[in-house]
């Protein structure tokens, strides 16, 4: 260890518990000059980040893809918002509620690279994408393209729309290990016909963590006059997301996942050229059709959750988008590189680092995914989720910034015993 590294690690010890935003800011100052790729493997730094989380000791949590728990610094802000809203009562709800919600939407727009009038705060990805799928002006005979690896709730809504409006849903199946972006783009393009109106695609497939070439798919679809709806549930605050660069028509995400907002927050981006064509599925008073607010009048809801979006964004920006993405990719590559060589183990996630980030899916050939998940929890105290559909048989492993290499070593050791 060189002198500079030693001194910096001694400095990190002073910020061993970054439970407040100020403490986190001090920690980030210590590493301001360290490149994200180098910092990704600095266990002293990430151990300090881990201290800012309250972790249940009963198991190692590798199911952060469902819900990313809040760090203590964000949790304290959330509790303060709950107290303040409760203190003000109806006065808050009738005065600044909507102004604050618009402010949160504007912050999300700044985070994801779009304009504030193209962004609304929803409750989750399902609500966001359903607003588009159900609100699109479908006509009998119209067609939509999607993949069997897409999230089930979205596929359910397309089935409902097909039953109600007489549209045709065309399914593709995304390979777990594509040879190139062009293979993926061609897969979707072959499903398009002159009747196709919309194509839905995951930014990051939730069951495998595979990142799809969204911009290339959008360019292809737009050449055919097809709109693109992107499921970004696992991308926002996990990998870099710039909606202008993606050039999609609609983009939905859950903020309680990788942004670590309290449960019950999502976002929906609608390119302003499409806002007037969507039919609201929640009733609202008269508004101009160009006003995106007409799409999500959901009534009274937990506004303290909305307010915490700002705090979660502050936390995320303090850590740094590039730092977080580099760490998440480092963690996944750390453990998958050790188990890909095992004869009886299959990794259902591309090996190319550019095609995945923190999430991966692993299976043991001789075990049902449900049995693998059960064994990992009961024998090894490792909590994950079983996936057994859409050509994916295994358990999804989704760590978080608080995950340690010793946590991952426990997983590797278990897989070696079960599938070595």
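A short reminder: the numbers here are calculations on the coordinates, not readings from a lab. Everything quoted here is computed from the prediction, not taken from an experiment. Glycine gets a Cβ as well: all are built from the backbone with ideal geometry, and neighbour counts include every protein chain shown.
Measuring r between the beta carbons of residue 366 and residue 86 and using R0 = 56 Å, the FRET efficiency lands at 0.55.
Multiplying the residue separation of residue 153 and residue 191 by 0.36 nm and removing their Cα-Cα distance gives an extension gain of 11.6 nm. Of all beta bridges that DSSP places with both ends in the range 154-290, some 40 percent have antiparallel geometry.
For the pair residue 354 and residue 79, label points projected 7 Å from Cα toward Cβ lie 4.6 nm apart. Which whole-angstrom value gives the distance between the alpha carbon centres of the range 380-403 and the range 246-282? Their Cα centres are 26 Å away from one another.
In terms of overall dimensions, the chain has a Cα radius of gyration and Dmax of 22.0, 71 angstrom. Counting only DSSP beta bridges with both residues in the chain, the antiparallel share comes to about 50 percent.
Spin-label model, residue 181 to residue 404: label points 7 Å out along the Cα-to-beta-carbon direction sit 3.9 nm apart. With the cut-off at under 17 Å, measuring from each backbone N in the range 258-298 to a point 7 Å along the Cα-to-Cβ line of residue 98 picks out 280-298.
Among 223, 123, the order by Cβ neighbours within 10 angstrom, fewest to most, reads 223, 123. Residues of the range 400-420 with an amide N closer than 16 Å to a point placed 7 Å from the Cα of residue 337 along the Cα-to-Cβ direction: 405-406, 408-409, 412.
Stretched out straight at 0.36 nm per residue, the stretch from residue 140 to residue 314 would grow longer than its current Cα-Cα span by 58.0 nm.
Each residue, residue 291 and residue 56, gets one label point 7 Å from its Cα in the Cβ direction; the gap between the two is 4.3 nm. Extension gain, residue 171 to residue 300, is 42.7 nm, computed as 0.36 nm per intervening residue step minus the present C-alpha separation. A Förster distance of 30 Å, applied to the separation of the beta-carbon atoms of residue 47 and residue 377, puts the FRET efficiency at 0.75. Be a star and scan the range 144-182 for residues whose amide nitrogen sits under 12 Å from the point 7 Å along the Cα-to-Cβ vector of residue 389. Answer for this model: 148-157.
Distance from the alpha carbon centroid of the range 179-221 to that of the range 83-129 works out to 31 angstrom.
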